[in-house]
2 protein chains.
Amino acid sequence: MKFLVTGATGYIGRNLTRKLVDLGNDVCVIVRPGSDTSFLKGLAPSVRLATYSGSISELQTILAEFAPDVVFHLASYFKADHITSDVVPMIEANVLFGAQLLESMRVAGVNKIVCASTAWEHFEDSDFDPVCLYAATKKAFEDILTFYAQARGLSAVILKIFECFGPDDPRRKIFSLLTDLSSQNAAPLGMTAGQQRLHCVYIDDIVAAFIAAGDDLLKIEQSGVQTFALSSDRPVSLRELVADFEAVVGRSLPIIWGERPYRQREVMEPWSKGVRLPGWVPKVSLRAGIAKLIKNQD
Amino acid sequence: MKFLVTGATGYIGRNLTRKLVDLGNDVCVIVRPGSDTSFLKGLAPSVRLATYSGSISELQTILAEFAPDVVFHLASYFKADHITSDVVPMIEANVLFGAQLLESMRVAGVNKIVCASTAWEHFEDSDFDPVCLYAATKKAFEDILTFYAQARGLSAVILKIFECFGPDDPRRKIFSLLTDLSSQNAAPLGMTAGQQRLHCVYIDDIVAAFIAAGDDLLKIEQSGVQTFALSSDRPVSLRELVADFEAVVGRSLPIIWGERPYRQREVMEPWSKGVRLPGWVPKVSLRAGIAKLIKNQD
């Protein structure tokens, strides 16, 4: 099959691209000029590279020429706390680019898409209360998506991601912080009281969810938007996560609990109302995932 | 009081600006370079003109210097049926500019806004099913607005407009079409079967709603988004509207009913689930409004 991937230079995107190639598919990735595409080494000739520098005509050409069976849309601009200079690039990446992509799909007759989204649209288990501007822009894109599904025959699956972790994640997130703290002679670090609970899902399971969602789309003809949650079997508190980390590395981490306040809109309990992607269950336990992460780090 | 108006060169915007000035307020309007600002003649010195050519820093300067009590956000890019070349300007005008405005308000400490929106977000009385891409982009902006209200203390009112009519409306809409048809020797025009029903509200009533919503915001301190419908007392079918038009002009209009099909997503029944703006009732009846429109046209 032929799959188009946006955001292929990101952590989930590059792992998804590699897996799609391993499964024998033709893959086209859309990248910005100047993006680091070193992750593609060894994947050619199954992966073709298409460049997008802001113009919808570039996307129209890519969609028309490659004619993918399914589009995986993972491109996004993420900041947990935005500053003023983030507003324009965030809207451009998370709303404008997505709208251009959908319009180009419509023109080219490509009508299946799987989109990465975030459980952070649902602060305090709300139907919609975005934790941050990033989450609001993801929802804004989904409104545009709804138009193309309701009025233009698009079939879409939105996958709402919680915490994703795995080896070689370049993003500065909690798992990379804990990895750093597990090295010998790491300096003590002040953290919050650690009662916030997280759904942690290993990267291979996230990738498997995207592939399963794409397979599901290939089997259906009706248009519309379906939204699913990529939740783990049980959310763990940050304290529990650290305890698991310590058990795996066989060393206690130098954390000073309660030294920092929770952030203004800290997510204490993850969204619980989402329906998990049917047929998908995460296979890698938290401890097994941490072990893979640590092993790869050595 | 000090009011900032976006979209002041549009039909509702210019009427709102004039009314705000008539009521003795200071008004600042944000216009694009090259916009036709002839409507401002006679309104100076109560109206100051600020130019926005795409940069958020321009908006930050305007908001900080003028420090309005309330912002009226009416700027939008409207197409009932978009084509590919509309996608970028529509997202830029309806989402990106709005996000820049909200961020600039936050930085300047301006926290009250009244936003124009559309009942077309609610095809077939849905909670959200946009009739067209325009309606989807309005909703996308409202998601961004929700973030600033929930997380940054903004107080917002969204007013959902149905059909607005009045004299000197430059927009090619049903009322201008009927005005043309009411002139002697107008050529016959094929229309749909005419059973679609519309809420028609006269421009002065629309303007009064915006001013009432602004007044309400000035009285409250709590943040959040409130959404209200600017509906008439009773929707009329296009056939009934034409009958009223004919009664006022004293002449039958040369319409061939049923010659054209309804459009793909024709709104046959207007959104009925909206809560009307409290304390506001339209005062100008359909016939009285048509009479004013015709009189002004002569």
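The values are calculated or read from the model by the stated rules, or taken from the named source; none is laboratory data. Small disclaimer: the values here were computed from a predicted structure and weren't measured. Please note: Cβ atoms are built from the backbone with ideal geometry, for glycine as well, and neighbour counts cover all protein chains shown.
One table, with the values for the structure above:
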{"quantity": "Breaking point among (1) more than 14 Å from every other protein chain (Cβ to nearest Cβ); (2) outside any loop (DSSP other than H, G, I, E, B), for A:T227", "calculated": "(1)"}
{"quantity": "Lone qualifier among B:F175, B:F147, B:F162 - being among the aromatic types (F, W, Y) and within 14 Å of chain A (Cβ to nearest Cβ)", "calculated": "B:F147"}
{"quantity": "Residues of the range B:98-150 classified as over 21 Å from B:V29 (Cα atoms) and β-branched (V, I, T), total", "calculated": "5"}
{"quantity": "Count of residues meeting criterion [of a type outside the set (S, T, N, Q) and either at the interface with chain B (Cβ under 8 Å from one of its Cβ atoms) or part of a helix (DSSP H, G or I) (or both)] in the range A:102-120", "calculated": "8"}
{"quantity": "Test: residue in the range A:124-143 that is within 19 Å of A:S231 (Cα to Cα), polar (S, T, N, Q) and modelled with pLDDT of 95 or more", "calculated": "yes"}
{"quantity": "Pairs, first over 21 Å from A:A80 (Cα atoms) in the range A:160-185, second β-branched (V, I, T), C-beta under 6 Å, six or more apart", "calculated": "A:S182/A:V249"}
{"quantity": "Scan of the range A:98-113 for residues that are of a type outside the set (S, T, N, Q) and either under 21 Å from the mean Cα position of the chain (by Cα) or more than 13 Å from B:S85 (Cβ to Cβ) (or both), ordered by number", "calculated": "A:G98, A:A99, A:L101, A:L102, A:M105, A:R106, A:A108, A:G109, A:V110, A:K112, A:I113"}
{"quantity": "Test: residue in the range B:36-47 that is assigned to a helix (DSSP H, G or I), more than 16 Å from A:A140 (Cα to Cα) and of a type in the set (V, I, T)", "calculated": "no"}
{"quantity": "Candidate set: the range B:58-101, residues that are over 30 Å from A:R152 (Cβ atoms) and of a type in the set (V, I, T); chosen: the one nearest to the other protein chains (Cβ to nearest Cβ)", "calculated": "B:T61"}
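Matching residues to (1) away from chain A (no Cβ under 14 Å); (2) surrounded by 16 or more Cβ atoms within 10 Å (Cβ to Cβ); (3) among the acidic types (D, E); (4) over 29 Å from B:D127 (Cβ atoms):
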position	(1), (2), (3), (4)
B:L241	yes, yes, no, no
B:E246	yes, yes, yes, yes
B:I256	yes, no, no, yes
B:P261	yes, no, no, no
B:V267	no, yes, no, no
B:V284	yes, yes, no, yes
